[in-house]
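Asker: Quick one: the structure is below, and I'll ask about it shortly.
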Amino acid sequence: MSTWVRRAAGAAALVTATAGLAACGSDDDTADGGDTTGAETSAFAEQDGAEVRDAAAAAMGELESLRVTGELTVDGEQISIDLASSSGGDCTGTIGVDGADAEVLSAGGETWFRPSEEFWRAQGGAQADQIIELVDGRWVVLGGDEGFAELCDLDQLLEELLDEADEGTTYETGEVSDVDGVSAVAVVSTDEDGEVSTGYIAVEEPHLLLRIEKTEGEEPGTVDFSEFDEPVEVEAPAADDTVDLDNL
């Protein structure tokens, strides 16, 4: 598989995981009418930043599926992500590089992607026209590509996301604000290199990750988490609608 495919996949996986490590934030789609009292809510939002992060890590670790969406900058490229994935490794959605999108699909241990012509032309170089003709709109077999595997396997994604942060990273509790209709407390993290990110954690239980933002530096971005534990319905493409570039 050509290096640009691995770069696009790896960049999306790396930024998603790194942003989560920098500042674990949270949200809860279902936190819209719980019995949490105002005092309990206030107590959670006033905890130490590391304690709030740990609460989010515990809640996220229980998930069976979620959706990840984001707009990120990696090595000067604009990366977009919109993927729903499950702990079983199924996923469906799109990734984009500098505005050119590719559909991604994973089911039964196999992974495919289907780039737009814009994607092929932007990333395929002099071979773009030949590739477009050969692929002819079909799904491209990816095999065991690690970048996409990390994105499509929720267990792998959460393992990276919830891994212990470096000892040099500090967490500071911020203000409570509304994030997509959910009351969330900000956690500002600063790593040993001085990189600053802000995560948002649902004030009411379960304390799930909602959003991570990095607004400063050369690689800003925002990653949102939603559709917690909602079914990820994926159907593998028909054999005659797939193509393996390694066999062409």
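What follows draws every value from the coordinates through simple rules; no lab data is involved. In this text the structure is predicted, and so the values were computed from the model without any measurement. Neighbour counts run over all protein chains shown; Cβ positions are idealised from the backbone, glycine included.
Asker: Could you give the length gained on full extension between residue 87 and residue 216, defined as 0.36 nm per residue of separation minus the Cα-Cα distance, in nm?
Answerer: Details: separation 129, 0.36 × 129 = 46.44 nm, distance 3.25 nm.
Length gained, residue 87 through residue 216: 43.2 nm.
Asker: Quick one: which residues, 5 or more positions from residue 244 or on another chain, have an amide H under 5 Å from its amide H? H modelled 1.01 Å from N in the peptide plane, none for Pro or chain starts.
Answerer: 141
Asker: From the convex hull of the Cα coordinates of segment 176-234, what is the mean projected area in square nanometres?
Answerer: 5.6
Asker: Along Cα→Cβ, 7 Å out, is where each label goes; now give me the distance between the ones at residue 58 and residue 188 in nm to one decimal.
Answerer: 2.6
Asker: What list of ³J(HN,Hα) values in whole Hz, one per residue of segment 175-182 in order, does the Karplus curve 6.51 cos²θ - 1.76 cosθ + 1.60 (θ = phi - 60°) give from phi, with Gly and Pro shown as x?
Answerer: 7, 8, 9, 8, 10, 6, x, 10
Asker: At 7 Å along the Cα-to-beta-carbon direction for both residue 71 and residue 196, put a label point, then send me their distance in nm to one decimal.
Answerer: Inter-label distance under the simple model: 2.2 nm.
Asker: Using modelled amide H (1.01 Å from N, peptide plane; none on Pro or chain starts), what sits under 5 Å from the amide H of residue 101, excluding residues fewer than 5 places away?
Answerer: For residue 101, whose amide H was placed from the backbone, the distant partners under 5 Å are 116, 119.
Asker: Would you mind getting me the FRET efficiency between residue 43 and residue 175? Use the beta-carbon distance for r and R0 = 25 Å, nearest 0.05.
Answerer: 0.95
Asker: If you don't mind, there's one more thing I want to ask. Suppose each label sits 7 Å from its Cα in the direction of the beta carbon; what would the residue 136-residue 229 distance come out to in nanometres?
Answerer: In this crude spin-label approximation the distance works out to 4.6 nm.
Asker: Residue 110 to residue 244: extension gain in nm, 0.36 nm per residue of separation minus the Cα-Cα distance? Present the calculation step by step, with values, prior to reporting the outcome.
Answerer: Details: separation 134, 0.36 × 134 = 48.24 nm, distance 1.22 nm.
So the chain would gain 47.0 nm between residue 110 and residue 244.
Asker: What does the charge count near residue 223 come to, summing +1 for each Lys or Arg and -1 for each Asp or Glu among other residues with Cβ under 10 Å from its Cβ?
Answerer: That sum, taken over residues with Cβ under 10 Å, equals -1.
Asker: Right, next: Around residue 179, which amide H atoms from residues at least 5 apart in sequence, or from another chain, sit under 5 Å from its own amide H, with H modelled in the peptide plane?
Answerer: Here 184 satisfy the definition.
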